[in-house]
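Remarks on the structure that follows.
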């Protein structure tokens, strides 16, 4: 009885370690550069030229989505790169999805305004003697 428990336990450890290894192989490295777009003031459209790059240890069928629309797809590839121009007026997400439409990686594009805010913070206290 004791040896049966040991065999079952060893079998479960082998199955668990192989599933962890499979998840590591399915991981995707995804990057988008640049990730920040500067506009004169908030609410304006921003035209940004980006480079999206991804890589994986195993060949995948993936698509790059912007606002849930396919921008570019790769079939049976281990890596990919695309240069594109985006016109955005608010923060947006670029997602890399697999053939089952599951998001495997994503990146944010942030919009910052170059114009300062209307009110400036005082640098010294109002009660200062100097």
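When every residue of region 25-34 is checked against the conditions, none turns out to be in a loop (DSSP other than H, G, I, E, B), in contact with a strand residue (DSSP E or B) (Cβ under 6 Å, 6 or more places away or on another chain), exposed (fewer than 12 other Cβ atoms within 10 Å of the Cβ) and modelled with pLDDT under 90. Does region 49-62 include one or more residues that are loosely packed, with under 14 Cβ neighbours inside 10 Å, under 23 Å from residue 114 (Cβ atoms) and either out of contact with any strand residue (DSSP E or B) (no Cβ under 7 Å at 6 or more places or on another chain) or at pLDDT 85 or above (or both)? Taking every residue of region 49-62 in turn, at least one turns out to be loosely packed, with under 14 Cβ neighbours inside 10 Å, under 23 Å from residue 114 (Cβ atoms) and either out of contact with any strand residue (DSSP E or B) (no Cβ under 7 Å at 6 or more places or on another chain) or at pLDDT 85 or above (or both). Of all the listed residues (65, 75), the sole one being surrounded by 14 or more Cβ atoms within 10 Å (Cβ to Cβ), assigned to a strand (DSSP E or B), modelled with pLDDT of 90 or more and out of contact with any helix residue (DSSP H, G or I) (no Cβ under 9 Å at 6 or more places or on another chain) is 65. Within region 78-116, the set of residues being more than 15 Å from the chain's Cα centre (by Cα), surrounded by fewer than 14 Cβ atoms within 10 Å (Cβ to Cβ) and under 19 Å from residue 49 (Cβ atoms) comprises 83, 85, 87, 89, 90, 112, 114.
The values are calculated or read from the model by the stated rules, or taken from the named source; none is laboratory data. None of these values were measured; they are calculated from a predicted model. Note that each Cβ is placed from the backbone with ideal geometry, even for glycine, and that neighbours are counted across all protein chains shown.
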